[in-house]
Each structure stands twice: as structure tokens, then as C-alpha cells.
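Enquirer: What follows is a single structure, and I will ask about it in a moment.
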Amino acid sequence: MQTILDQILEHPFFETFPPQLFEDVAICAETMVFDTDELIYRQGDEADAFYLIQNGRIALELPAGHQGILIIQTIGEGEMLGWSWIFPPYRRQFDARSLTSSRAIVLQAECLRRQCQSNHHLGHELYRRFSQAALISLQAARFQLLDLYGRRRPGPDRDEGRP
């Protein structure tokens with residue numbers, strides 16, 4: 001049976017991660033299984049962990065009024081969920097729901113923040129990776145909004161019909 005350290009070493013999120021830092025991460029980790037349609041966290045909750053998805057699919061959802069629930073991004077095997085733990089005020093920006101039975105490595109935020117305080121090299125590596133993950137999430141949200149609102153409607157402030 002693989003240890004939690006072995007599982008972290010295999011996860012693509014930590015590809016090219018400095019080997020001397022893995023143990024500092026592993027002490028904050030555990031594994032979890034989520035059932036189909038299980039709510040993992042809700043928008044506004046404290047961001048107390050992040051998740052390395054080992055299998056299954058997770059949806060980032062946003063209530064969209066009369067539009068219902070808008071799926072901003074779907075996250076699957078080999079991806080990471082939950083970047084809000086690293087940026088104050090440490091609050092979730094979306095709901096996260098398991099679309100299928102899913103397994104993840106869960107890394108506890110408070111533990112990692114303490115580790116980053118005592119090892120600035122670890123903090124730098126994690127901030128670099130999470131900044132990139134935040135950018136990917138923002139781009140996914142942008143594409144979803146373009147799909148939802150991007151249809152041009154004729155109107156007096158538009159160029160339609162002008163020669």
C-alpha cells in the first residue's frame with residue numbers, strides 16, 4: 001500500500017517540485033473519498049484545505065439566479081481543487097460538488113501555512129503553483145461568462161445596421 005508521501009509524489013500538481021520539500025507537505029495530508037453529488041464545500045466557507053484529485057470529477061459551481069447553477073469548471077484526475085486557502089481572507093469563491101465518486105489527497109491549510117512560515121522555499125513553490133491555478137480558474141470563469149453572456153444583442157449603442 002502506498003504512503004501519503006508516495007501518492008503526493010505521483011500527483012502531477014507536484015511535478016518538478018523540489019524533492020527536499022515533499023515531507024513538509026506530506027505531514028499536512030490525508031486521503032478522502034467523496035460520493036457522487038456530495039457537496040465538498042460551499043461558497044463563502046473557510047478555505048481550510050485544498051485537494052489533489054486522484055480520480056473522479058468535481059464541479060466548481062456558482063448560483064446564477066434564474067439561470068440556476070452555473071458550472072464554472074470541471075476538475076478531474078491529476079488536477080488540483082481549492083486555491084483560496086493561500087490568499088487572504090481564506091474564503092471559498094465557489095461551491096464544489098463531486099460529480100462522480102472521487103478520491104483526493106486533502107492538504108490542511110493551517111498546517112501548510114505554518115510550514116510555509118518556517119520554510120520560505122516551500123512557500124515560494126506553493127505560491128507559484130497556486131498563482132498559476134488561480135489564473136486557470138479565472139480563465140475558465142471568463143470562458144463560461146462569455147458563453148453565457150457573449151451573444152451580441154442589437155441595440156442603439158451597437159454598430160448593427162450602420163453603413
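Enquirer: Among the listed residues Ser98, Ser84, which satisfies the condition of being modelled with pLDDT under 95 and open to solvent by less than 30 Å² (accessible area, probe 1.4 Å)?
Expert: Ser84
Enquirer: Further, regarding this structure: Please find, within the range 5-54, the residue that is least open to solvent (accessible area, probe 1.4 Å) out of those that are in a loop (DSSP other than H, G, I, E, B) and more than 18 Å from Trp85 (Cβ to Cβ).
Expert: Pro18
Enquirer: Let me ask something else about it. When you check Gln2 against the structure, is it assigned to a loop (DSSP other than H, G, I, E, B), in contact (Cβ under 8 Å) with a residue 24 or more places away in the chain and at negative phi, yes or no?
Expert: In short, no.
Enquirer: How many residues does the range 37-72 contain that are at pLDDT 95 or above and within 19 Å of Cys111 (Cβ to Cβ)?
Expert: Residues flagged as at pLDDT 95 or above and within 19 Å of Cys111 (Cβ to Cβ) within the range 37-72 amount to 9.
Enquirer: Quick check on Ala59: is it touching a strand residue (DSSP E or B) at 6+ places or on another chain (Cβ under 9 Å), surrounded by 15 or more Cβ atoms within 10 Å (Cβ to Cβ), closer than 11 Å to Thr100 by Cα and touching a residue at least 12 places away in the same chain (Cβ under 8 Å)?
Expert: Yes.
Enquirer: Okay, moving on. Would you confirm, using the coordinates I've provided, whether His121 is in a helix (DSSP H, G or I), without any contact (Cβ under 8 Å) to a residue 12 or more places away in the chain and not polar (S, T, N, Q)?
Expert: When the stated conditions are applied, His121 does not pass them.
The values are calculated or read from the model by the stated rules, or taken from the named source; none is laboratory data. As the structure is a computational prediction, the values presented were derived from the model and not from experiment. Ideal geometry is used to build each Cβ from the backbone, glycine not excepted, and the neighbour counts take in all protein chains shown. Ligands, DNA and RNA are excluded from the accessible area calculation, which covers all protein heavy atoms including side chains. Shrake-Rupley method; radii C 1.70, N 1.55, O 1.52, S 1.80 Å.
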